[in-house]
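Asker: Encoded as structure tokens, here's the structure I'll be asking about.
Every read-out reported here was derived from the displayed coordinates using simple, explicitly stated rules and does not represent laboratory data. From a predicted model like this one, the values you see are computed outputs, not experimental measurements. Note: ideal-geometry Cβ built from the backbone for every residue, glycine included; neighbour counts use all protein chains shown.
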Amino acid sequence: MKICAENTEAEALEKFAQRLGEEIAESEKAKKVFNLSVSGGDTAKKIFEVLSKAPIGWGNVRFFWVDERCVAPTDGASNYKHAKELLFDRVGIPEGHVFRMRGEECPISEMERYAKIVAEQVPQKDGFPVFDCSIIGVGPDFHTASIFPNTMKLLNDEEPYAVNKNPETGQWRMTMTGRTILNSKKIFAAILGKQKEQMFKKLLRDIVQNPDSSPAAYVLAKAQDAEIFTDIK
């Protein structure tokens, strides 16, 4: 795991965009499709904003989702809505390059449909998709994707995607399971804001000493290649 610690939030986000751009450029140079899975939330909105202004060629990138809320794509809580408005529409991503989770559908049948779509589009290994990069978030309770501390079993689920409920809000969500996330060639995470310093320090301790304590610690401890971008030093 690599930590890219910058002086400011803006610098950390720019470094994030730079590194992602480098990975995409390498794939384009090799004439390969770059399969990218993205998340939602406040940090993701900031990431999309910065990416929309970055000098990145998006032609070979295909977009998928780490997780999604069970709402319509026009709902203010939709992860897809934020990505569309803050990135896709601004840089002209073709609709055919975006494979969204349909939050307005029955989540159980949608996860079955989505797993089939991903299997058709993304290379597989050990029965799980291999994304070139997955962008994950880390919540204040150390959840990642939509895997929460009370549903740690999803980290080793036999299915690539699952339905889960936010224990605080009761909102239903659709999510990658742990084995899908960990099959990613690279995992990028941004943890921003000085107010998250104590949380970040605990996460780093848990990654080393107690990775089974939370979904985020587990994923980052076991990832084959993870980078954290932060303004916390």
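Asker: The list (1) 0.93; (2) 1.13; (3) 1.06 gives values of Rg/Rh (Cα atoms, Kirkwood Rh), and only one came from this structure; which label was calculated from it?
Answerer: (1)
Asker: Would you kindly derive the ³J(HN,Hα) couplings of region 104-114 from the backbone phi angles with the Karplus curve 6.51 cos²θ - 1.76 cosθ + 1.60 (θ = phi - 60°), listing them in order in whole Hz, with x for Gly and Pro?
Answerer: Whole-Hz 3J(HN,Hα) from phi for region 104-114: 7, 8, 4, x, 5, 5, 5, 5, 5, 4, 5.
Asker: Which of the residue pairs K84/K153; K53/K201; K116/K153; K81/K222; K15/K116; K125/K233 have a Cα-Cα distance greater than 28 Å in the structure shown?
Answerer: Violating the 28 Å Cα-Cα cut-off are K84/K153; K53/K201; K81/K222; K15/K116; K125/K233.
Asker: With θ taken as phi - 60° and the coefficients 6.51, -1.76 and 1.60, list the Karplus ³J(HN,Hα) couplings across region 187-197 in order, rounded to whole Hz; mark glycine and proline as x.
Answerer: 10, 10, 9, 10, 10, 10, x, 4, 5, 9, 4
Asker: While we're looking at this one, here's another question. Mind listing the long-range amide H neighbours of Q171? Cut-off is under 5 Å, sequence gap 5 or more, other chains count too, H placed in the peptide plane at 1.01 Å from N.
Answerer: It is N166, by chain and number.
Asker: Short version: ³J(HN,Hα) in whole Hz for each residue of region 155-161, in order, from phi by Karplus 6.51 cos²θ - 1.76 cosθ + 1.60 (θ = phi - 60°), x for Gly and Pro, what are they?
Answerer: So the Karplus estimates, Gly and Pro as x, are 5, 10, 5, 7, 9, x, 9 Hz.
Asker: Sort H143, H97, H82 so that the residue with the fewest other Cβ atoms within 10 Å of its own Cβ comes first and the one with the most comes last.
Answerer: Fewest-to-most ranking of H143, H97, H82: H97, H82, H143.
Asker: If you don't mind, there's one more thing I want to ask. Taking H as built 1.01 Å from N, whose amide H comes closer than 5 Å to the amide H of R62, not counting residues under 5 places away?
Answerer: When sequence neighbours closer than 5 places are left aside, the close amide H contacts are F34, N35, L36.
Asker: A further question on this structure: Can you tell me what share of the DSSP beta bridges in the chain is antiparallel? A percent to the nearest 5 is fine.
Answerer: In the chain, approximately 35 percent of DSSP beta bridges are antiparallel ones.
Asker: Continuing with the same structure: List T74, T144, T230 from most exposed to least, where exposure is judged by having the fewest other Cβ atoms within 10 Å.
Answerer: T74, T230, T144
Asker: Can you list residues from other chains, or at least 5 along the same chain, whose modelled amide H is less than 5 Å from the amide H of E6?
Answerer: Under 5 Å from the amide H of E6: T230, D231, I232.
Asker: For a protection proxy built on the mean count of beta-carbon atoms within 10 angstrom, sort 102-111, 87-96 highest first, please.
Answerer: 102-111, 87-96
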